[in-house]
Amino acid sequence: FVALILLFVVVATRARNPDLSYLHASVLSGSEEGNYYATVAKVATEASHQKGLIDNVPSAGSVENIARLAAARASCDVQFALVQDGIPWPQSHPFQLIGRLPLPEAFLVLGRDGDAIRTVADLRDKRVGIGPAGSGSEHFARRLILQIAELDIRVSTHSLPEQLALVEP
(Lines give C-alpha, C1' and ligand atoms only; values in the text may rest on other atoms or scores of the structure.)
Protein backbone atom coordinates (compact mmCIF):
# COMPACT_ATOMS: atom_id res chain seq x y z
CA PHE A 1 0.00 0.00 0.00
CA VAL A 2 2.85 2.39 0.88
CA ALA A 3 4.57 1.58 -2.43
CA LEU A 4 1.36 2.38 -4.31
CA ILE A 5 1.06 5.74 -2.51
CA LEU A 6 4.72 6.54 -3.27
CA LEU A 7 4.16 5.66 -6.93
CA PHE A 8 1.10 7.92 -7.00
CA VAL A 9 3.04 10.81 -5.42
CA VAL A 10 5.92 10.41 -7.89
CA VAL A 11 3.56 10.36 -10.89
CA ALA A 12 1.48 13.25 -9.57
CA THR A 13 4.46 15.49 -8.86
CA ARG A 14 6.42 14.67 -11.99
CA ALA A 15 6.80 17.76 -14.18
CA ARG A 16 4.51 17.47 -17.18
CA ASN A 17 5.47 20.08 -19.70
CA PRO A 18 3.52 19.55 -22.87
CA ASP A 19 5.52 20.00 -26.03
CA LEU A 20 5.40 19.10 -29.70
CA SER A 21 8.22 16.52 -29.64
CA TYR A 22 5.83 14.03 -31.22
CA LEU A 23 5.31 16.27 -34.27
CA HIS A 24 7.22 15.55 -37.47
CA ALA A 25 5.23 16.69 -40.48
CA SER A 26 5.95 17.93 -43.99
CA VAL A 27 3.97 20.81 -45.45
CA LEU A 28 3.88 21.73 -49.14
CA SER A 29 4.05 25.51 -49.27
CA GLY A 30 5.01 27.45 -52.40
CA SER A 31 7.97 29.22 -53.94
CA GLU A 32 10.73 30.12 -51.52
CA GLU A 33 10.15 33.80 -52.29
CA GLY A 34 6.41 33.66 -51.65
CA ASN A 35 3.96 34.17 -48.81
CA TYR A 36 3.01 30.49 -48.41
CA TYR A 37 6.64 29.49 -47.89
CA ALA A 38 7.12 32.33 -45.38
CA THR A 39 3.95 31.28 -43.52
CA VAL A 40 5.08 27.67 -43.17
CA ALA A 41 8.58 28.81 -42.17
CA LYS A 42 7.08 30.87 -39.34
CA VAL A 43 4.95 27.94 -38.12
CA ALA A 44 7.98 25.62 -38.35
CA THR A 45 10.01 28.01 -36.20
CA GLU A 46 7.27 28.12 -33.57
CA ALA A 47 7.00 24.32 -33.59
CA SER A 48 10.77 23.96 -33.16
CA HIS A 49 10.60 26.11 -30.00
CA GLN A 50 8.36 23.36 -28.60
CA LYS A 51 10.59 20.50 -29.89
CA GLY A 52 8.41 19.82 -32.95
CA LEU A 53 9.64 19.45 -36.51
CA ILE A 54 7.85 20.79 -39.58
CA ASP A 55 9.54 20.39 -42.96
CA ASN A 56 8.75 23.30 -45.27
CA VAL A 57 8.59 21.74 -48.74
CA PRO A 58 8.81 24.30 -51.56
CA SER A 59 6.63 23.91 -54.65
CA ALA A 60 5.29 25.82 -57.63
CA GLY A 61 2.05 26.46 -55.76
CA SER A 62 -1.48 25.31 -55.06
CA VAL A 63 -2.20 23.13 -58.10
CA GLU A 64 1.09 21.28 -57.69
CA ASN A 65 0.44 20.98 -53.94
CA ILE A 66 -2.88 19.21 -54.54
CA ALA A 67 -1.28 16.78 -57.00
CA ARG A 68 1.68 16.04 -54.72
CA LEU A 69 -0.51 15.66 -51.64
CA ALA A 70 -2.73 13.18 -53.50
CA ALA A 71 0.34 11.26 -54.72
CA ALA A 72 1.78 11.17 -51.19
CA ARG A 73 -1.27 9.38 -49.82
CA ALA A 74 0.45 5.99 -50.13
CA SER A 75 3.93 7.07 -49.02
CA CYS A 76 2.91 9.58 -46.32
CA ASP A 77 6.03 11.64 -47.06
CA VAL A 78 3.90 14.82 -47.14
CA GLN A 79 0.99 15.31 -44.76
CA PHE A 80 -0.24 18.86 -45.36
CA ALA A 81 -0.36 21.54 -48.05
CA LEU A 82 -1.28 25.19 -48.33
CA VAL A 83 -3.75 25.67 -51.17
CA GLN A 84 -5.64 28.70 -52.46
CA ASP A 85 -9.37 28.63 -51.89
CA GLY A 86 -11.24 27.50 -55.01
CA ILE A 87 -8.59 25.12 -56.38
CA PRO A 88 -10.33 21.90 -57.46
CA TRP A 89 -9.13 18.62 -56.02
CA PRO A 90 -9.81 15.02 -57.03
CA GLN A 91 -12.98 13.52 -55.59
CA SER A 92 -11.12 10.27 -54.93
CA HIS A 93 -9.02 12.00 -52.27
CA PRO A 94 -11.08 13.18 -49.32
CA PHE A 95 -8.90 16.11 -48.26
CA GLN A 96 -10.05 18.11 -45.28
CA LEU A 97 -9.81 21.83 -44.71
CA ILE A 98 -8.15 22.32 -41.33
CA GLY A 99 -7.64 26.08 -41.35
CA ARG A 100 -7.71 29.29 -43.35
CA LEU A 101 -5.20 32.12 -43.50
CA PRO A 102 -6.59 35.18 -41.73
CA LEU A 103 -6.24 37.56 -44.68
CA PRO A 104 -7.52 37.20 -48.25
CA GLU A 105 -4.93 37.00 -50.99
CA ALA A 106 -4.21 39.84 -53.34
CA PHE A 107 -4.00 39.56 -57.11
CA LEU A 108 -1.42 42.01 -58.45
CA VAL A 109 -0.70 43.11 -61.98
CA LEU A 110 2.74 44.65 -62.42
CA GLY A 111 4.46 45.72 -65.58
CA ARG A 112 6.31 48.20 -67.66
CA ASP A 113 3.96 51.05 -68.49
CA GLY A 114 1.48 49.52 -66.06
CA ASP A 115 -0.08 52.93 -65.44
CA ALA A 116 -1.31 52.92 -69.05
CA ILE A 117 -3.58 49.95 -68.30
CA ARG A 118 -6.87 51.37 -67.08
CA THR A 119 -9.34 48.70 -68.22
CA VAL A 120 -9.25 45.01 -69.01
CA ALA A 121 -9.49 45.90 -72.70
CA ASP A 122 -6.09 47.62 -72.41
CA LEU A 123 -4.56 44.14 -72.08
CA ARG A 124 -5.38 43.37 -75.73
CA ASP A 125 -2.41 41.70 -77.48
CA LYS A 126 -0.24 41.98 -74.36
CA ARG A 127 2.02 39.31 -72.93
CA VAL A 128 1.21 38.54 -69.29
CA GLY A 129 3.20 36.45 -66.82
CA ILE A 130 0.72 34.45 -64.77
CA GLY A 131 2.96 32.80 -62.20
CA PRO A 132 4.80 29.51 -62.09
CA ALA A 133 3.27 26.47 -63.79
CA GLY A 134 1.33 24.53 -61.17
CA SER A 135 0.57 27.57 -59.05
CA GLY A 136 -2.83 28.82 -57.97
CA SER A 137 -2.07 32.13 -59.67
CA GLU A 138 -1.60 30.34 -62.99
CA HIS A 139 -4.81 28.35 -62.48
CA PHE A 140 -6.96 31.39 -61.74
CA ALA A 141 -5.33 33.58 -64.39
CA ARG A 142 -6.01 30.96 -67.08
CA ARG A 143 -9.65 30.76 -65.99
CA LEU A 144 -9.94 34.54 -66.13
CA ILE A 145 -8.21 34.83 -69.51
CA LEU A 146 -10.55 32.22 -71.00
CA GLN A 147 -13.41 34.61 -70.31
CA ILE A 148 -11.70 37.40 -72.24
CA ALA A 149 -10.21 35.27 -75.03
CA GLU A 150 -11.11 37.88 -77.65
CA LEU A 151 -8.32 40.11 -76.28
CA ASP A 152 -5.65 37.67 -77.53
CA ILE A 153 -3.59 37.88 -74.35
CA ARG A 154 -0.40 35.82 -74.54
CA VAL A 155 0.60 34.16 -71.27
CA SER A 156 3.90 32.92 -69.92
CA THR A 157 4.77 31.04 -66.77
CA HIS A 158 7.85 31.92 -64.75
CA SER A 159 9.02 31.83 -61.16
CA LEU A 160 8.50 34.99 -59.10
CA PRO A 161 12.10 36.24 -59.45
CA GLU A 162 12.03 35.59 -63.21
CA GLN A 163 8.78 37.50 -63.61
CA LEU A 164 10.15 40.49 -61.71
CA ALA A 165 13.33 40.44 -63.83
CA LEU A 166 11.23 40.43 -67.00
CA VAL A 167 9.40 43.64 -66.08
CA GLU A 168 12.55 45.54 -65.11
CA PRO A 169 13.60 48.18 -67.63
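The values are calculated or read from the model by the stated rules, or taken from the named source; none is laboratory data. The structure displayed is predicted, hence computed values, not measured ones. Here the Cβ positions follow ideal geometry from the backbone for every residue, glycine too, while neighbour counts run over all protein chains shown. Quick note on the areas: whole protein, heavy atoms, side chains included, nothing else; ligands and nucleic acids left out. Shrake-Rupley method; radii C 1.70, N 1.55, O 1.52, S 1.80 Å.
The table that follows gives values for the structure above.
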item	result
Top-ranked residue in the stretch 119-134 [being open to solvent by less than 70 Å² (accessible area, probe 1.4 Å) and either touching an Asp or Glu at 6+ places or on another chain (Cβ under 6 Å) or without any contact (Cβ under 8 Å) to a residue 12 or more places away in the chain (or both); ranked as farthest from Glu32 (Cα to Cα)]	Asp122
Options Ala25, Ala72; residue that is touching a strand residue (DSSP E or B) at 6+ places or on another chain (Cβ under 6 Å) and over 26 Å from Leu146 (Cα atoms)	Ala25
Criterion violated by Pro90 - all others in (1) in a loop (DSSP other than H, G, I, E, B); (2) touching a residue at least 40 places away in the same chain (Cβ under 8 Å); (3) under 20 Å from Glu138 (Cα atoms) satisfied	(2)
Residues of the stretch 32-43 satisfying the condition of being open to solvent by 70 Å² or more (accessible area, probe 1.4 Å) and either farther than 30 Å from His158 by Cβ or not in a loop (DSSP other than H, G, I, E, B) (or both)	Asn35, Lys42, Val43
Residue list for the stretch 1-47, filter: within 30 Å of Val57 (Cβ to Cβ), hydrophobic (A, V, I, L, M, F, W, C) and at pLDDT below 90	Leu20
Residue that is least open to solvent (accessible area, probe 1.4 Å) [pool: residues in the stretch 93-118 that are assigned to a helix (DSSP H, G or I) and either of a type in the set (Gly, Ala, Ser) or touching a Lys or Arg at 6+ places or on another chain (Cβ under 7 Å) (or both)]	Gly114
Test result for Glu64, surrounded by 16 or more Cβ atoms within 10 Å (Cβ to Cβ), acidic (Asp, Glu) and under 18 Å from the mean Cα position of the chain (by Cα)	yes
Contacts under 6 angstrom Cβ, first residue in the stretch 135-164 being over 27 Å from Arg68 (Cα atoms) and surrounded by 13 or more Cβ atoms within 10 Å (Cβ to Cβ), partner at pLDDT 90 or above and among the β-branched types (Val, Ile, Thr), 6 or more apart	Ile153/Ile145
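Condition check ((1) out of contact with any Lys or Arg (no Cβ under 7 Å at 6 or more places or on another chain); (2) surrounded by 14 or more Cβ atoms within 10 Å (Cβ to Cβ); (3) outside any helix (DSSP H, G or I)) across all residues:
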residue	(1), (2), (3)
Ile5	yes, no, no
Val10	yes, no, no
Asp19	no, no, yes
Gly30	yes, yes, yes
Thr45	yes, no, no
Ala74	yes, no, yes
